[in-house]
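For reference, the structure discussed in these notes is given below.
The values are calculated or read from the model by the stated rules, or taken from the named source; none is laboratory data. What you see is a predicted model; the values in this text were computed from it and never measured. No Cβ is skipped: glycine too gets one built from the backbone with ideal geometry, and neighbour counts run over all protein chains shown.
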Amino acid sequence: MPVLLLPSTTGETVEIRPSKIIAVGLNYLEHIQESESVNVQNFTDEIPAEPVLFPKTPNVLIGPGDPIILPSFVNDYGFDECRTDYEAELAVIIKDRIKNVAESEALSHVLGYSCFNDISQRNLQRSDKSGWFRGKSLDTFGPIGPVIVSPDEIGDPQCLDICCRLNGRVVQKSNTRHMIFSIPQLISFISSNFTLEAGDIIITGTPSGVGPIQDGDLLEVEIENIGTLTNPVRNE
């Protein structure tokens with residue numbers, strides 16, 4: 001299992017070794033409204049009645065400064081246009097083993113928060129009969145960092161400015177208060193479906209403005225009270 005070490009605002013180094021990464025799709029209304037431009041299966045302009053969950057496997061994880069690698073095998077399919085997108089998100093790292101947690105207790109089970117970039121290969125998301133799994137879980141498709149911020153220091157996690165810059169240009173800009181399902185709702189819902197283990201990661205959805213990346217790009221995900229996660233993009 002991959003292991004990633006990140007500094008914490010508590011002064012400790014946190015070992016990131018999740019048994020699973022649970023991602024939330026369609027959690028910002030403005031992102032739902034751009035479904036036509038994203039154009040992947042099961043991505044519609046309907047507001048979901050419950051959180052939309054999908055997995056990312058731990059092999060995606062890379063740290064600050066590590067390159068996001070665009071895999072060469074995708075070119076073998078002959079897609080008219082190969083498109084891999086950035087998606088800036090707030091990551092929630094779980095503190096302990098939990099199951100069926102009430103919303104009122106959910107935040108007490110959070111170890112900390114960080115920036116995450118949910119890199120997504122759109123052609124595979126569009127064409128794979130099994131859905132989003134493969135396009136979301138390719139190697140290096142989960143940058144996280146630059147630090148883990150403790151719950152005591154994050155402030156209100158439901159009121160954090162979040163943005164993404166592509167080569168210095170702001171392409172996503174929102175606030176976590178615009179989530180359709182709040183962090184306590186997500187933790188409660190997910191823990192009712194799956195036992196969450198210490199170190200598991202929940203990524204909470206992305207705002208509008210997602211778009212394609214290519215070799216030579218530089219991505220920055222910045223979240224208020226956390227900092228900036230920076231990663232270059234390289235072809236394999």
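List the strands (runs of 3 or more DSSP E) that sit entirely inside the stretch 1-57 and contain at least 2 residues that are modelled with pLDDT of 90 or more, surrounded by 15 or more Cβ atoms within 10 Å (Cβ to Cβ) and within 16 Å of the chain's Cα centre (by Cα). Give the steps one after another, and end with the answer.
On the way: elements: 4-7, 13-16, 21-25, 52-56.
Filter on the stretch 1-57 gives 21-25, 52-56.
Output the residues belonging to the stretch 89-106 that are among the small types (Gly, Ala, Ser) and either out of contact with any Phe, Trp or Tyr (no Cβ under 8 Å at 6 or more places or on another chain) or surrounded by fewer than 24 Cβ atoms within 10 Å (Cβ to Cβ) (or both). Even if it seems obvious, please write down each step before you answer.
Going residue by residue through the stretch 89-106, those that are among the small types (Gly, Ala, Ser) are 91, 102, 104, 106.
102, 104, 106, listed by residue number.
Of all residues in the stretch 106-148, which are of a type in the set (Asp, Glu) and in contact (Cβ under 8 Å) with a residue 12 or more places away in the chain? First the steps, then the outcome.
Step one: of the stretch 106-148, the residues of a type in the set (Asp, Glu) are 118, 128, 139.
Passing the criteria: 118, 139.
How about the stretch 155-173: which of its residues are crowded, with 20+ Cβ neighbours inside 10 Å and either in contact with a helix residue (DSSP H, G or I) (Cβ under 7 Å, 6 or more places away or on another chain) or of a type in the set (Val, Ile, Thr) (or both)?
Taking the stretch 155-173 and keeping what is crowded, with 20+ Cβ neighbours inside 10 Å, we get 157, 162, 164, 172.
Passing the criteria: 157, 162.
Filter the stretch 112-168 for residues that are closer than 17 Å to residue 94 by Cα and among the aliphatic types (A, V, I, L, M) and give the result.
144, 147, 148, 149, 154
Restricting attention to the stretch 149-158, does a residue exist that is more than 14 Å from the chain's Cα centre (by Cα), in a strand (DSSP E or B), in contact (Cβ under 8 Å) with a residue 60 or more places away in the chain and within 27 Å of residue 97 (Cα to Cα)? Write out each step before concluding.
Of all residues in the stretch 149-158, those more than 14 Å from the chain's Cα centre (by Cα) come to 149-158.
Now narrow it down to the ones that are in a strand (DSSP E or B): 149.
Cutting the leftovers down to in contact (Cβ under 8 Å) with a residue 60 or more places away in the chain gives us 149.
Those still in the list that are within 27 Å of residue 97 (Cα to Cα) too: 149.
The answer is yes; a qualifying residue exists.
Take the stretch 67-121 and flag every residue that is of a type in the set (A, V, I, L, M), assigned to a helix (DSSP H, G or I) and within 22 Å of residue 151 (Cα to Cα). Don't jump to the end; show me each part of the working.
Taking the stretch 67-121 as the starting set, the residues that turn out to be of a type in the set (A, V, I, L, M) are 68-70, 74, 88, 90-94, 98, 101-102, 106-107, 110-111, 119.
Among the residues that remain, those that are also assigned to a helix (DSSP H, G or I) are: 74, 106-107.
Listed by number, the residues that qualify are 106, 107.
The conditions are (1) at pLDDT 95 or above; (2) more than 13 Å from the chain's Cα centre (by Cα); (3) surrounded by 18 or more Cβ atoms within 10 Å (Cβ to Cβ), and residue 194 fails exactly one of them. Which is it?
(3)
Read through the list (1) closer than 15 Å to residue 236 by Cα; (2) exposed (fewer than 12 other Cβ atoms within 10 Å of the Cβ); (3) free of Cβ contacts under 8 Å to residues at least 12 places away in the same chain, then give the number of the only condition that residue 72 fails.
Result: residue 72 passes all but (3).
Among the residues of the stretch 182-199, are any in a strand (DSSP E or B), aliphatic (A, V, I, L, M) and over 15 Å from residue 116 (Cα atoms)? Spell out how you get there, then give the answer.
Here is the first cut: in the stretch 182-199, the residues in a strand (DSSP E or B) are 196.
Of the ones still in play, those that are also aliphatic (A, V, I, L, M) are 196.
Subset that is over 15 Å from residue 116 (Cα atoms): 196.
Looking through the stretch 182-199, at least one residue is in a strand (DSSP E or B), aliphatic (A, V, I, L, M) and over 15 Å from residue 116 (Cα atoms).
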